[in-house]
Each structure stands twice: as structure tokens, then as C-alpha cells.
1. So which of GLY69, GLY99 ends up being touching a strand residue (DSSP E or B) at 6+ places or on another chain (Cβ under 9 Å) and at positive phi?
2. For region 110-124: of the residues being surrounded by fewer than 21 Cβ atoms within 10 Å (Cβ to Cβ) and touching an Asp or Glu at 6+ places or on another chain (Cβ under 9 Å), which is farthest from GLN91 (Cα to Cα)?
3. Go through region 86-112 and give me each residue that's within 14 Å of the chain's Cα centre (by Cα), at pLDDT 90 or above and not basic (Lys, Arg).
4. How about region 125-182: which of its residues are buried (at least 18 other Cβ atoms within 10 Å of the Cβ), of a type in the set (Gly, Ala, Ser) and over 25 Å from ARG89 (Cα atoms)?
Amino acid sequence: MQMESLMKNPSAPHVDEIVLTDEESCRKGECPDRLCGRMKDELRFLTFLADEDLSQVAHYFRCRRVPAGATIWNDGDPGNYIAFVVSGRIQINKKTELGGKSIVLGIFSRGAILGEISFLQGDPRYETASAVDTTDLIILTRESFQQLLSERPSLGIKLLEGILLTVSRRLRKSYERLAAIF
């Protein structure tokens, strides 16, 4: 399985090593003014924000391009950011108690939010996330989120509502899948 080879390859890049600077982002067409439009178009939960809201929050976010096979975070890493998948696929794995084996919890693609539990609770990551394909992420750090809440509390609340709605939908789908099995 591809994930097992990723887990055994300590030389695979970690996402924290693959950060686009603002200058590199602008050369790649990801300046904040373009970023807000892309966020609105590609991230379903942000559709409830008005265009002017997006232009006000875009500078709190950063873009990252993650190559296929890169580890985004490992189980136990600090949960200091939340990731929004713009393109590509992310595989989430959890180690089991059975001899170091892991199970795939899910493969997430465009529109998914990842890392929200650790981000909101301030806990270490409880799973490992790796890029299946070259993946574009929009990252919101805890520091930037706190700044957003301080400077624009109403927009911070709208963002939290969007995250909550997205996570609630994912949980409901999980319940439906479990009910279908049993």
C-alpha cells in the first residue's frame, strides 16, 4: 500500500518544509486578492461569506502546495493549523494497537477541512495526514485565527460556523455509513 511506503520513508518531505512565501505565492498567482476568489469558488463552506468578507479574511490564510507522498503531519505533531483542501487528495491514517499497523480513516479531496479537532482543542494531532496527489492547501494557523477573532470577530464567528457545518456534514455521513454496515 502506498501509505505504508510513506510511513516507512523518513526522507519524504514534511509539509512544514514546503511553505510558499508570499512572493512565491504571487508568482504562482496566489496573491491574497486572487486567493479570496479561489477560496469562494473552491471551498464549499465559505460560500456563505460575501465577497467583501473574503477579501477581508484572505490575508489571514496561506497557501501550500504539497507534493505527492509528502507527510502533512504526523500523529503527535502540534495541531497549530487547520488545512482546507483546494485540490488533490489527502489520506488520513491512524495507528492501531495491532503491531504498529495503521488503518485508513479516509481520503479527502477538494472542499475538505482537515485538522480541525486538534486545531480547535489545542491538542497534538491524533492521526497522520499524507498527500496522495500533489495537493494545494489553504492553511489557517492558530495565531492567524486568533488575530482574525481579535480584529474581525464577526468574520471569525462566520468562519467557525462554516467549519462547524462542514464537520457536522462529515459526521452525519459517517453515521450513515456505520448504520449501513450494521
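1. On the way: GLY99 fails: touching a strand residue (DSSP E or B) at 6+ places or on another chain (Cβ under 9 Å).
Step by step, each of GLY69, GLY99 is checked, and only GLY69 is touching a strand residue (DSSP E or B) at 6+ places or on another chain (Cβ under 9 Å) and at positive phi.
2. PRO124
3. Our first condition is that a residue be within 14 Å of the chain's Cα centre (by Cα); within region 86-112, this holds for 86-92, 106-112.
Next, only the ones that are at pLDDT 90 or above stay: 88-92, 106-109.
Residues satisfying the conditions are GLY88, ILE90, GLN91, ILE92, GLY106, ILE107, PHE108, SER109.
4. The one that is buried (at least 18 other Cβ atoms within 10 Å of the Cβ), of a type in the set (Gly, Ala, Ser) and over 25 Å from ARG89 (Cα atoms): GLY156.
The values are calculated or read from the model by the stated rules, or taken from the named source; none is laboratory data. For clarity, every value in this text was computed on a predicted model and none was experimentally measured. Positions of Cβ are generated from backbone atoms using ideal geometry, with glycine treated the same way; all protein chains shown enter the neighbour counts.
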